[in-house]
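The values are calculated or read from the model by the stated rules, or taken from the named source; none is laboratory data. Here the structure is a predicted model, which is why all the values come from computation and not from measurement. All Cβ positions, even for glycine, are placed from backbone atoms using ideal geometry, and neighbour counts span all protein chains on display.
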Amino acid sequence: MARLTLERVSFWYPAMGRPALRDVSLAAAPGEVIALVGNVGAGASTLLLVAADLAPRVVGGKIEGRVNFRGRGKGEGGRGIVLPTPWTQLSGMAFTVWDEVAFGPANLGWPRERIAGAVDRSLAALDIGTLAARDPATLSGGELQRVVVAGIVAMEPALLLLDEPTAELDPEGAGLVWRLVRALAGDGCSIVVATSDLDALPEVADRVVWMEDGVVRRIGAPALLAEESVCEAGLATTVADVWRTARLGAPYPLTVAQAERRWRQ
Amino acid sequence: MAAVNAELRFEHVSFSYGTVPALRDVSFSLAPGERAALLGRNGAGKSTVLRLVTGLVHPAEGTVSVGDWDTRGRAPESLARRVGSVFQHADQQLFARSLRDDVAFGPRALGLAAAEIARRVDTALAALELTAHAAEHPYDLPPAFRKLAALAGALALEPAVLVLDEPTAGLDRPLRARVARALADSAAAGVVVLVATHDLAFAAEVLERSLVLDRGRVAWDAPLAALLTSSERLAPLGLAPPAGAALSAALDLPGRPVRERDVAHALARVAAARGPV
Ligand SMILES: Nc1ncnc2c1ncn2[C@@H]1O[C@H](COP(=O)(O)OP(=O)(O)O)[C@@H](O)[C@H]1O
Ligand SMILES: [Mg+2]
């Protein structure tokens, strides 16, 4: 049974004539990592807002079609979203990073020991234990992004929605986030992530959804990121793109490792 | 383009936020037209360096100067005559009713004549291919376009020094290419370009020098290509080679190119020499 189902969903922002999503259908199974790729304005962020039940409920606008989410039940993590604007996601109620990360779990009404365990695990997963006593308002951009991800993950969501979660992270931080995504999927969490870090996807995503102008163009395995039409749209992995520019012939390798194997043949 | 050319110079600069030390004894200088990447882990001090350049904060010890101006005692409004900046989350900092008005804000604050403001705004919008969006409300555009608009606002100051914090975060390939072209043009006109970024692929395309901060200290200051071709140098600084450079190393391409186009050319040449792949 899918955790998230979108059936023929169209969505219009307030006062916009053109829909930001058109006739989008997608299902995410428990334990599945789905990556949304597309150029700016393609609709990936909007799809996440719809899946999070923020659009139209909070942002306004109009929706057609059906969105269905099956959580794990009351008092358990439901759907959590990490927005591309981390500073808008602070509770404003916490004077330390630890309390900030505890804010979500506390609102789920968990017992204190469970909250403490979840917060400590989350801080460790993002390697920000040393920031626990800091005031969240004084963090650097990348530190803040890690704190926001930690706060959402601490709620043990059944559906995790991520919008450019590694945009401000250093390579170690990005690696931590991608490993965490795989680990959470291993525990049955469904993850939908919009990202421009295309080179990370062969290792991270089970399926890739290519969006363009509010429409789903293709859904497929990460190998999609080496297909000719995807290359033309500027959404191939770097290795596929370089291989194609060098006119070495399709199918293009996706990753450095694949390229190396082809090269040595 | 730049009204004046000026060198950017840090001399033994230290800075703390209260009890949190951010920079220790940082020294470097960038000549007019130089393009440098400011690299390092989250929290290494990159944004702090940029804040010092713009006068948002001032050194506790040492000196930051832009040409013959010491930033000490100068407010950001005064430094804006020489320094253009775009900070992380710049897409949240627009407030005018149209993109055009937002880009015009800086030149207007400099007290320039209307015709000169219009010329600079047109030039800056064109440099980032935003002319078609000039009349639109910033919040009707995706955040990535607002980020480009913030950069256009900085270009419209026609500064001697341009400092940018994570300018490509959340941008797709076509938009990154626009930023790359605009920065290359600025540098060609003598502007000092300093970019704090984790996007090493982007850095490889446009930037030539690399300054790496490690816990507030300058741990590396040398040509970027020399850094990107060496995993042994990158790893201890918390950096990883971008895919193009990694491919170049894995296939042992001659000259170890790091820019994607150069990697493709080298690949094509070697492949042609050794027959079909
Ligand atoms: N306003 C602030 N108050 C207190 N500490 C800060 C503030 N801004 C940054 N810091 C701290 O200063 C150090 C350097 O931060 P920053 O220059 O933002 O790093 P970077 O841009 O390289 O990620 C970090 O330890 C960060 O937490
Ligand atoms: Mg920063």
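Condition test on B:Val13, is it within 13 Å of another protein chain (Cβ to nearest Cβ) and either more than 16 Å from ligand 2 (Cβ to nearest atom) or free of Cβ contacts under 8 Å to residues at least 12 places away in the same chain (or both)? Don't jump to the end; show me each part of the working.
Values: within 13 Å of another protein chain (Cβ to nearest Cβ): no; either more than 16 Å from ligand 2 (Cβ to nearest atom) or free of Cβ contacts under 8 Å to residues at least 12 places away in the same chain (or both): yes.
Spelling it out, it is not the case that B:Val13 is within 13 Å of another protein chain (Cβ to nearest Cβ) and either more than 16 Å from ligand 2 (Cβ to nearest atom) or free of Cβ contacts under 8 Å to residues at least 12 places away in the same chain (or both).
From the list B:Leu141, B:Leu110, B:Leu164, B:Leu175, which one is over 14 Å from B:Leu99 (Cα atoms) and within 11 Å of chain A (Cβ to nearest Cβ)?
Only one candidate qualifies: B:Leu175.
Is it true that B:Ala203 is out of contact with any Leu (no Cβ under 7 Å at 6 or more places or on another chain), assigned by TED's automatic domain parsing to the domain that holds B:Ser27 and either surrounded by fewer than 23 Cβ atoms within 10 Å (Cβ to Cβ) or closer than 23 Å to B:Val26 by Cβ (or both)? In short, no.
So that you can scan it fast, the table gives a plain yes or no per residue for (1) of a type in the set (Val, Ile, Thr); (2) within 14 Å of ligand 1 (Cβ to nearest atom):
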position: A:Gly92; (1), (2): no, no
position: A:Thr96; (1), (2): yes, yes
position: A:Val119; (1), (2): yes, no
position: A:Ser122; (1), (2): no, no
position: A:Gln145; (1), (2): no, yes
position: A:Pro157; (1), (2): no, no
position: A:Gly175; (1), (2): no, no
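For residues in the stretch B:159-208 being in contact with a Phe, Trp or Tyr (Cβ under 6 Å, 6 or more places away or on another chain) and within 16 Å of ligand 2 (Cβ to nearest atom), which is farthest from B:Asp221 (Cα to Cα)? Steps first, please.
Restricting attention to the stretch B:159-208, the residues satisfying the condition of being in contact with a Phe, Trp or Tyr (Cβ under 6 Å, 6 or more places away or on another chain) are B:165, B:168, B:176.
Retained after the next criterion (residues that are within 16 Å of ligand 2 (Cβ to nearest atom)): B:165, B:168.
Details: B:Asp165: 19, B:Thr168: 22 Å.
Taking the candidates together, the pick is B:Thr168.
Within the option set A:Glu164, A:Glu172, A:Glu168, A:Glu143, being of a type in the set (Asp, Glu) and in the same structural domain as A:Ala94 (by TED's automatic domain parsing) holds for one residue only, A:Glu143.
All of B:Val195, B:Val191, B:Val179 fail the test of being at pLDDT 95 or above and closer than 23 Å to B:Phe15 by Cβ, apart from B:Val195. Criterion applied to A:Ile81, A:Ile63 was being under 26 Å from A:Ala185 (Cβ atoms), surrounded by fewer than 20 Cβ atoms within 10 Å (Cβ to Cβ) and β-branched (Val, Ile, Thr), and the one residue passing it is A:Ile81.
Let's see how each residue does on (1) in contact with a Pro (Cβ under 7 Å, 6 or more places away or on another chain); (2) surrounded by 22 or more Cβ atoms within 10 Å (Cβ to Cβ); (3) of a type in the set (D, E, K, R):
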position	(1), (2), (3)
A:Leu49	no, yes, no
A:Asp53	no, no, yes
A:Asn68	no, no, no
A:Thr85	no, no, no
A:Val97	yes, yes, no
A:Asp127	no, no, yes
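Regarding A:Glu164, is this residue at positive phi, facing chain B (nearest Cβ under 9 Å) and in contact (Cβ under 8 Å) with a residue 24 or more places away in the chain? Walk me through it before giving the result.
Numbers: at positive phi: yes; facing chain B (nearest Cβ under 9 Å): yes; in contact (Cβ under 8 Å) with a residue 24 or more places away in the chain: yes.
Yes, satisfied.
If you scan the stretch B:28-45, which residues turn out to be within 16 Å of ligand 1 (Cβ to nearest atom) and more than 14 Å from every other protein chain (Cβ to nearest Cβ)? Correct list: B:Phe28, B:Ala36.
For the stretch A:184-221, give me each residue that is more than 14 Å from every other protein chain (Cβ to nearest Cβ) and over 14 Å from the mean Cα position of the chain (by Cα). If the condition is that a residue be more than 14 Å from every other protein chain (Cβ to nearest Cβ) and over 14 Å from the mean Cα position of the chain (by Cα), then A:Gly186, A:Asp187, A:Gly188, A:Val215, A:Val216, A:Arg217, A:Arg218, A:Ile219, A:Gly220, A:Ala221 are the ones that fit. Taking (1) within 9 Å of chain B (Cβ to nearest Cβ); (2) at positive phi; (3) within 20 Å of the chain's Cα centre (by Cα) in turn, A:Leu235 satisfies each apart from (2). Within the stretch B:145-158, can you find the residues that are within 16 Å of ligand 2 (Cβ to nearest atom) and away from every other protein chain (no Cβ under 13 Å)? Within the stretch B:145-158, B:Ala150 is the sole residue that qualifies. Selection of first residues in the stretch B:228-248 that are free of Cβ contacts under 8 Å to residues at least 12 places away in the same chain and of second residues that are in a helix (DSSP H, G or I) and buried (at least 18 other Cβ atoms within 10 Å of the Cβ), restricted to Cβ pairs under 7 Å at least 6 apart or on distinct chains, gives the following pairs, ordered by first then second residue: B:Leu234/B:Leu227; B:Ala246/A:Val256. Only one entry in A:Ala94, A:Ala42 is more than 22 Å from A:Ser196 (Cα to Cα) and hydrophobic (A, V, I, L, M, F, W, C), namely A:Ala94. One residue stands out among those in the stretch B:237-262 that are at the interface with another protein chain (Cβ under 9 Å from one of its Cβ atoms) and within 15 Å of B:Asp199 (Cα to Cα): the one that is surrounded by the most Cβ atoms within 10 Å (Cβ to Cβ), which is B:Gly244.
So which residues in the stretch A:120-143 are under 20 Å from B:Leu50 (Cβ atoms) and more than 9 Å from chain B (Cβ to nearest Cβ)? Outline the logic, then answer.
Filtering the stretch A:120-143 down to residues under 20 Å from B:Leu50 (Cβ atoms) leaves A:137-143.
Once the filter is applied, which keeps residues that are under 20 Å from B:Leu50 (Cβ atoms) and more than 9 Å from chain B (Cβ to nearest Cβ), the stretch A:120-143 yields only A:Ala137.
Does the stretch A:117-132 contain any residue that is within 16 Å of ligand 2 (Cβ to nearest atom), within 28 Å of B:Gly170 (Cα to Cα) and touching a residue at least 24 places away in the same chain (Cβ under 8 Å)?
Scanning the stretch A:117-132 turns up at least one residue that is within 16 Å of ligand 2 (Cβ to nearest atom), within 28 Å of B:Gly170 (Cα to Cα) and touching a residue at least 24 places away in the same chain (Cβ under 8 Å).
Give the stretch A:174-202 a look and list any residue that's under 21 Å from B:Gly244 (Cβ atoms) and touching a residue at least 40 places away in the same chain (Cβ under 8 Å), or say none. A:Thr195, A:Ser196, A:Leu198, A:Asp199, A:Leu201, A:Pro202 - these are the residues of the stretch A:174-202 that are under 21 Å from B:Gly244 (Cβ atoms) and touching a residue at least 40 places away in the same chain (Cβ under 8 Å).
For the structure I just gave you, tell me whether B:Ser27 is more than 19 Å from B:Arg82 (Cβ to Cβ) and either more than 15 Å from ligand 2 (Cβ to nearest atom) or surrounded by fewer than 23 Cβ atoms within 10 Å (Cβ to Cβ) (or both). It is true that B:Ser27 is more than 19 Å from B:Arg82 (Cβ to Cβ) and either more than 15 Å from ligand 2 (Cβ to nearest atom) or surrounded by fewer than 23 Cβ atoms within 10 Å (Cβ to Cβ) (or both).
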